[in-house]
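Here's the structure, in C-alpha cells; my notes come after.
The values are calculated or read from the model by the stated rules, or taken from the named source; none is laboratory data. The structure displayed is predicted, hence computed values, not measured ones. Here the Cβ positions follow ideal geometry from the backbone for every residue, glycine too, while neighbour counts run over all protein chains shown.
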Amino acid sequence: MPFRDTIGHRQLVRLLSRSIAGGSLPPSLIFSGPEGVGKKRTALALAQALNCGRAVVSGRWPVVGGQGPGEAGDELPVDACGECPVCRRIARNAYPDVFLVQPEDSASIKIEQIRDVIAQTAYRPFEGRRRVVIIDEADAMGADAQDALLKSLEEPPPHSVFVLVSARADVLAPTVRSRCPRLRFGRLNPAEIARALARDHGYTEEESRLAAALAGGSLGRALEAAAGGLDDVRAAACRALRQVAEAADSRGRLEGARGLTGTRGAGATTAADREQLAARVTALLALVRDLAILSSRAHGGTVANLDLTSELEGLSRLYDRDRIVRAFTAADRALRALGRNASPKIVADWLALQL
Ligand SMILES: [Zn+2]
C-alpha cells in the first residue's frame, strides 16, 4: 500500500516521502504511537517507496471530504506504484530485502531473531535498492536483543534502514531510543477510521460510522469491536428505545437514558463514555431509520438491521410516524452535541425525554 493510500498521519508520511527524495532519510527510526493506527503499514509503505520497481513515482493524495484539491503540500515527491511485482511482494512479506521481525510464540523477540537479521544486512541487497528491517512490537525485545541491535543502529550497514515499530516505545532501552529519531503517530479521527473501514474492509457507511465511534482513534480497535461489540451496542440502543417508549412518566424515561450511558450514569464524563454513547446513539439512529422504512411499508433490502426484524416489528408498534421523525431529529442533534464535547449524561437525558 503506497504512501498516498495510508489513512491519516499526512504530515509524517509527507516527511518520509520528502526525506527519501532529498536523500536525508535517517538509517534508523522509531515509529511510536497507539496500537492499530497504521504504524506497521506505513513502515511497509516506506519499504515500497524505497524499492518500487518503477523507479521514482510521485504521488498525490486522493481528494476526500474536507480536503480540497491542490491543497498546499498535497504532493508526495516519492511514492511507490503499489502495483509492480516488487510492491506486491513487499505487501505479501515475500521480498528478500524487506525483513519483518515480530514476536514469536513466546510473545518476545528473541536475540537469535535479531542476530539472524543483522547477519543478513551484512550483504548488499539481493534485488532491491535499500534493505529495510522492520521490527514490529519492538518493545518485545529483551535487553539482550536490544543490545545486539545497538551496533547496527549506531553504524548502520550501507543500504539498510531499520524501523522499530512500537506502541510502548518508552520501555525501549535509552541507548536504543537515543540512536533513532522518533516519529510519533497520533490517533486517527473517526472520519479517517470510517473511511478505512469502508474502503478496505467492506463496511457499509452506517457500520463504518458506528464502529469508528467505538474505536477510540484506533482502526485496530474498530476491527476488534466489530467482531463482537456491534451486537451489544445495537442491543443497548434497542432496549433504550423500548424502555423510553414504554415509560409511564419522565422518571421512567430517564431510566431508559441510563441504558444509553451505561451503569456509570452521572459519573459518565470521560472521552470513552462519550464515545460509547455516540456509538449507541448512532445505532439508535440506524434503528429509527429502519422503523421509518418499515412504517412506510417500503421494506426489502433497504432495512439496515435485517437481522433484528422481530425487535423492529415490536418497536414499530410503539413508534408511529410522528414519533419516528421526532426520534430521528433528536438522535441526530444528540450526536452533533457529542461531537461538540457535550456531557454524555446531559445528552442522554435530553434524548430520552425527546424520543
Ligand atoms: Zn511498485
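Kindly indicate whether Glu205 is more than 30 Å from Leu149 (Cα to Cα) and either in contact with a helix residue (DSSP H, G or I) (Cβ under 6 Å, 6 or more places away or on another chain) or exposed (fewer than 14 other Cβ atoms within 10 Å of the Cβ) (or both). Yes, satisfied.
Quick check: is even one residue across region 40-52 at pLDDT below 90, within 11 Å of the ligand (Cβ to nearest atom) and over 29 Å from Gly216 (Cα atoms)? Checked against the condition, which is being at pLDDT below 90, within 11 Å of the ligand (Cβ to nearest atom) and over 29 Å from Gly216 (Cα atoms), region 40-52 yields no hits at all.
The residue pairs whose first member lies in region 329-355 and is surrounded by 14 or more Cβ atoms within 10 Å (Cβ to Cβ), whose second member is assigned to a loop (DSSP other than H, G, I, E, B), and whose beta carbons are closer than 7 Å, counting only pairs six or more residues apart or on different chains, are Ala330/Leu355; Ser343/Thr269; Pro344/Ala268; Pro344/Thr269; Lys345/Ala268.
Would you confirm whether any residue within region 254-271 is surrounded by fewer than 19 Cβ atoms within 10 Å (Cβ to Cβ) and at pLDDT 85 or above?
Yes, some residue in region 254-271 is surrounded by fewer than 19 Cβ atoms within 10 Å (Cβ to Cβ) and at pLDDT 85 or above.
The one condition from (1) away from the ligand (no atom under 16 Å from the Cβ); (2) closer than 19 Å to Ala43 by Cα; (3) modelled with pLDDT under 90 that Ser166 does not meet is (3). Within region 169-191, the set of residues being at pLDDT 90 or above and assigned to a helix (DSSP H, G or I) comprises Ala169, Asp170, Val171, Pro174, Thr175, Val176, Arg177, Ser178, Arg179. Condition first: in a helix (DSSP H, G or I), within 16 Å of the chain's Cα centre (by Cα) and under 19 Å from Phe162 (Cβ atoms). Can you find one or more residues in region 24-39 that meet it? Yes, region 24-39 contains a residue that is in a helix (DSSP H, G or I), within 16 Å of the chain's Cα centre (by Cα) and under 19 Å from Phe162 (Cβ atoms). A count restricted to region 296-352 and to residues that are touching a helix residue (DSSP H, G or I) at 6+ places or on another chain (Cβ under 6 Å) and not in a loop (DSSP other than H, G, I, E, B) stands at 22.
This table checks each residue for (1) surrounded by 19 or more Cβ atoms within 10 Å (Cβ to Cβ); (2) out of contact with any Phe, Trp or Tyr (no Cβ under 8 Å at 6 or more places or on another chain).
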site	(1), (2)
Val133	yes, no
Ala138	yes, yes
Met141	yes, yes
Asp144	no, yes
Asp147	no, yes
Leu150	no, yes
Glu154	no, yes
Pro158	no, yes
Val161	yes, yes
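Among residues of region 52-64 that are under 12 Å from Val78 (Cβ atoms) and basic (Lys, Arg), those with a Cβ under 9 angstrom from a residue that is assigned to a loop (DSSP other than H, G, I, E, B) and at pLDDT 70 or above, sequence gap 6+ or separate chain, pair up as Arg54/Ala80; Arg54/Cys81; Arg54/Glu83; Arg54/Cys84.
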